[in-house]
Amino acid sequence: MLPIVAVAPAAAQERPAVSSEAADTVGPVVSSAAERLSRPVTDVLLPVRQPASAAPAEVAPAVLAPSAQSRAFMVAGAALFVAGIIAGGDAGAVLMLGGAGIGAYGVYLHFR
């Protein structure tokens, strides 16, 4: 995360004394609130980057090992799918679809 630094507005900085001849070239004094609001914003928040040497060493992301639960879902899905092939008919189709769904969920958990 980058720290935020506020830049001081130009009006808040000290200005050298202006002679009467140069006062005419400086510009009009803003007196109404509408004129002050229409001026561009000079307060700016800038991110400050840390030097490369101060950056912490990058840590490799941990690889999640496949859980036993994902393997169990894949085995159960395969078993139901084979049982559906053996059973045949409408009941076999239901078993095959259920087995495919459970097996797919196990594959999802395995590779997540």
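Every read-out reported here was derived from the displayed coordinates using simple, explicitly stated rules and does not represent laboratory data. Just so it is clear, the structure is predicted and the values come from calculations on it, not from any experiment. Because the Cβ atoms are built from the backbone with ideal geometry, glycine has one as well, and the counts that use them run over all protein chains shown.
How far apart, in nanometres, would the label points at Arg112 and Ala72 be if each is projected 7 angstrom from Cα along the Cα-to-Cβ direction? Each label point lies 7 Å from its Cα, and together they span 1.5 nm.
Our coupling estimate for the stretch 81-97, obtained by passing each phi through the Karplus curve with A = 6.51, B = -1.76, C = 1.60 and θ = phi - 60°, is 5, 5, 4, x, 5, 5, 5, x, x, 5, 5, x, 5, 5, 5, 5, 5 Hz, Gly and Pro reported as x.
Annotation: amide H-H contacts under 5 Å for Ser67 (H modelled 1.01 Å from N, sequence separation of 5 or more, or interchain): none.
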